[in-house]
Every structure is written in C-alpha cells, then in structure tokens.
Amino acid sequence: MEVTVVGAGIIGLTTALTLEERGHSVRVVTAGFGDQTTSAVAGAVWFPYRAGPPAKVAVWAAHTRDWLEALARIDPAAGVDVLTGYEITDEDGSEIPWWAAAIEVVRAAAPVTGAPLAWRFTAPRAEPAKLLPYLAARLRAPIAVRSVIDLAAERGDVIVNCTGLASRELAADDSLYPLFGQIVIAERGTADLSITITDHRDPERFFYIIPRRDELVLGGCSLPYPPGAPPELNPGITARILDHARWLGLRIGAVRTERAGLRPYRLEVRLERDATNPRLIHNYGHGGAGFTLCRGCAEEVVALVDQI
Ligand SMILES: Cc1cc2nc3c(=O)[nH]c(=O)nc-3n(C[C@H](O)[C@H](O)[C@H](O)COP(=O)(O)OP(=O)(O)OC[C@H]3O[C@@H](n4cnc5c(N)ncnc54)[C@H](O)[C@@H]3O)c2cc1C
C-alpha cells in the first residue's frame, strides 16, 4: 500500500517506520520535526501517564516497552537506555497499580528521604534529541516539510493522521485538549544516573527525575491550558520542582535550561479509521505517554492498514 503519514513527532515517525518494516511504501509529510515537536520536550521515560483507555494502554505500553528495550540492546545511537524506575507510593502495596498489568513491579524501599515505599520496575528511557533523528534517518523516503490543511486531500491508498494536538483543528476534535507540562534540565551533579523516580502522592506537587546520559530532566506538572495558546514557561513551577528535588534529598547539579510543552490529551487515544473516510486512520491523543505507547499503537495502525 502507498501510505502517507502526517506528522513527525514520536507517533508519526514510529508509525511510518513500522509500516515500512511491514512492507508498505511510506511518505511522511510534516509541518515541523525535531525540536519543533512536543515530542522533543518529553522526559521520554516509559510510564503510562495521562493516557487511556487503561486496558488498551496496558497492551500498547507492553509492546512499546519490548521495542524500546530491544533498541537499547541493539544500538546505543538510538538514545534509549534501560533504567530502574521507582514510583513512590503512600499506599500499603496490597494493590498492584493498573499500569503494571503487563509488566513486573515489586514493592521496594524508596531511594529518597521522607518516602518509605515505592513500586520498582525497569523503565526504558529515550532521549528525544537522539531517538527522533535516529528514526527519521531510517525512513526510506525523505520527509516532506509542509503544513497539511486537508488530511483527505493527501495522496496515497491510506493517510495516517499523527498530528498530535493539531488534530483539534485538522480532525475537528474538541475532545482533544492541551495539558501543559514543564521540565527543568540540570547538570548531573552526583545523582544516580541509573534510576528514575516519580512522586505522584500529591497531584498538586507532581514530581519526577529522569536521568539522561549527560543531564537530568526534572518535572513536572500537568495543567489544563487554553487551546491555541503557545506554552509559556512558569518560573513558579521551576522553583517548586527544584524545591521538591531538594526535599527528596536528590543531589542534582546546576540548572541548564527549562522547557515547556503541551501534551495532546484525550480521555482515550484516538486510533481508528475515520467513520466518514475509510482511507483515513487517526493515531493521536497520546497525552503524557507518546513514548510509552508509540510502537504498540503503530502496530495497531499496521493491522488497520492491512484490513483496507
Ligand atoms: C513536559 C513533557 C514531558 C513528557 N514526558 C513524557 C515521558 O516521560 N514519557 C512519555 O511517554 N511521554 C511524555 N510526554 C508526552 C509526549 O511528549 C507526547 O505524548 C508525544 O510527544 C506526542 O507525540 P505526537 O507525535 O503525537 O505529537 P508531536 O510530537 O506534537 O508531533 C506532531 C507532529 O505533527 C506535525 N503537524 C502538526 N500539524 C500539522 C499539519 N497541519 N500538517 C503537517 N504536520 C503537522 C507537527 O509538526 C509534528 O511533527 C511528555 C510531554 C511533555 C510536554
């Protein structure tokens, strides 16, 4: 099949590459790539955060995890490493978290001060600045850079819409909306680079630390944001994130920079054929979990294309 994939964030690139691997002829068209995407801002650790529906997310996340772990083994240039994840919890540990449906998690002592318990699991982490160009370089055809106005007018037997938040307009979808996120990038300091820690105990003080090979990503927040407005850094959020790191006793280095982005959130990821146009498949609305779900969703797109 001749397939046009619209969008070159983590969802578009993974979808395009997976379609190519299964024998389809793929062309990617995008308004922007690399640093111009939301994907570039992500901490990009495997964790099914702010995405639904839970049953499908568990399956997509499990497939993506296998793929990321294989990339980490096969080629360091992909920028994927397998870390140990700790999800700090106040709960007594009698109930396994929903996102753990397809992976092994164990209760463990939290590796920070003032928090006794955590769920421990292995957590693949990507570096977007490495993984996005790595995937793009593996596509057979060069990426075409232009803004698509009408998805249905694109060439090909099939068009796959991977435009993230832009689908609010392109697919006229009001159920998709922006969730603001902000991260702080810091020097490594003497932090343990092999572990990532998430602290969701207080939703108002959501926190995570994700080590990269040469720096630390600290977050975060997840706040409703006016549709259409560009994301703007909030110094109060940065101060709160750094306070939280100190409070947990994390030994981070100097702040390098801050970044903000808008997660494309929907109650449920939209992964289906368009009801009015059978040539069009939607794959957007991955919320805070695009890197966690990309390969599982791409495989489902392949299955839908194969039915056409
Ligand atoms: C602060 C922050 C931290 C995050 N941390 C994580 C994490 O740790 N783990 C995780 O799994 N996820 C994380 N996420 C979520 C993740 O970044 C998103 O789920 C993911 O980036 C969505 O990818 P996407 O490809 O759908 O969208 P995008 O990356 O936004 O890509 C959309 C693409 O569509 C193109 N496009 C848009 N409009 C048009 C048009 N009209 N014509 C042609 N092309 C168009 C854009 O140029 C772009 O290439 C985080 C997000 C934020 C903001």
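The values are calculated or read from the model by the stated rules, or taken from the named source; none is laboratory data. Predicted model, so just to flag it, every value in this text is computed and none were measured. Neighbour counts are summed over all protein chains in view; Cβ atoms, including those assigned to glycine, are modelled from backbone coordinates with ideal geometry.
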Residues located in the range 129-144, provided they are within 11 Å of the ligand (Cβ to nearest atom) and not in a helix (DSSP H, G or I) = I143, A144
Select, from S147, S175, S167, the only residue that is assigned to a loop (DSSP other than H, G, I, E, B), modelled with pLDDT of 95 or more, under 30 Å from T238 (Cα atoms) and not β-branched (V, I, T).
-> S175
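Quick grid of which residues meet (1) out of contact with any Leu (no Cβ under 8 Å at 6 or more places or on another chain); (2) surrounded by fewer than 13 Cβ atoms within 10 Å (Cβ to Cβ); (3) of a type outside the set (V, I, T):
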position	(1), (2), (3)
V105	yes, no, no
P124	no, no, yes
Y134	yes, no, yes
A153	yes, yes, yes
A171	no, no, yes
S175	no, yes, yes
Would you call A42 in contact with a Pro (Cβ under 9 Å, 6 or more places away or on another chain) and within 9 Å of the ligand (Cβ to nearest atom)?
-> yes
If you check Y225, Y134, Y208, which single one turns out to be within 17 Å of V41 (Cα to Cα), out of contact with any strand residue (DSSP E or B) (no Cβ under 7 Å at 6 or more places or on another chain) and of a type in the set (S, T, Y)?
-> Y134
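Give me a count of the residues in the range 145-160 that are near the ligand (Cβ under 9 Å from one of its atoms) and of a type outside the set (K, R). Explain how you work it out, then say what you get.
As a first pass, look at the range 145-160 and keep what is near the ligand (Cβ under 9 Å from one of its atoms): 145-149, 151.
This time we only want the ones that are of a type outside the set (K, R), so: 145, 147-149, 151.
Counting residues in the range 145-160 that are near the ligand (Cβ under 9 Å from one of its atoms) and of a type outside the set (K, R) gives 5.
Would you call R155 in a loop (DSSP other than H, G, I, E, B), touching a helix residue (DSSP H, G or I) at 6+ places or on another chain (Cβ under 7 Å) and within 18 Å of S25 (Cα to Cα)?
On the way: in a loop (DSSP other than H, G, I, E, B): yes; touching a helix residue (DSSP H, G or I) at 6+ places or on another chain (Cβ under 7 Å): no; within 18 Å of S25 (Cα to Cα): yes.
The answer is no for R155.
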Looking at the range 269-278, is at least one residue at pLDDT below 95, near the ligand (Cβ under 9 Å from one of its atoms) and either in contact with a Phe, Trp or Tyr (Cβ under 6 Å, 6 or more places away or on another chain) or at negative phi (or both)?
-> no
Of the residues I197, I183, which is in a strand (DSSP E or B), under 29 Å from D81 (Cα atoms), in contact with a Lys or Arg (Cβ under 9 Å, 6 or more places away or on another chain) and not hydroxyl-bearing (S, T, Y)?
-> I183
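Quick one: which residue in A108, A62 is of a type in the set (A, V, I, L, M, F, W, C) and closer than 29 Å to R266 by Cα?
Numbers: A108 fails: closer than 29 Å to R266 by Cα.
A62 is the lone residue from the list that is of a type in the set (A, V, I, L, M, F, W, C) and closer than 29 Å to R266 by Cα.
In this structure, does G43 turn out to be out of contact with any Lys or Arg (no Cβ under 9 Å at 6 or more places or on another chain), not basic (K, R) and not in a helix (DSSP H, G or I)? Step through it out loud before you land on a result.
On the way: out of contact with any Lys or Arg (no Cβ under 9 Å at 6 or more places or on another chain): no; not basic (K, R): yes; not in a helix (DSSP H, G or I): yes.
So G43 fails the test.
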Conditions (1) surrounded by 19 or more Cβ atoms within 10 Å (Cβ to Cβ); (2) closer than 26 Å to L304 by Cβ; (3) within 11 Å of the ligand (Cβ to nearest atom); (4) of a type outside the set (A, V, I, L, M, F, W, C): number failed by T18 = (3)
Quick one: in the range 199-228, of everything that is in contact (Cβ under 8 Å) with a residue 40 or more places away in the chain and among the small types (G, A, S), which residue is surrounded by the fewest Cβ atoms within 10 Å (Cβ to Cβ)?
-> S222
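Kindly check whether there is at least one residue in the range 238-256 that is within 24 Å of G52 (Cα to Cα) and away from the ligand (no atom under 16 Å from the Cβ). Working first, answer last.
Within the range 238-256, the first condition is being within 24 Å of G52 (Cα to Cα), and the residues that meet it are none.
Taking every residue of the range 238-256 in turn, none turns out to be within 24 Å of G52 (Cα to Cα) and away from the ligand (no atom under 16 Å from the Cβ).
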Quick one: count up the residues across the range 163-220 that are farther than 25 Å from T89 by Cβ, of a type in the set (V, I, T) and within 15 Å of the ligand (Cβ to nearest atom).
-> 2
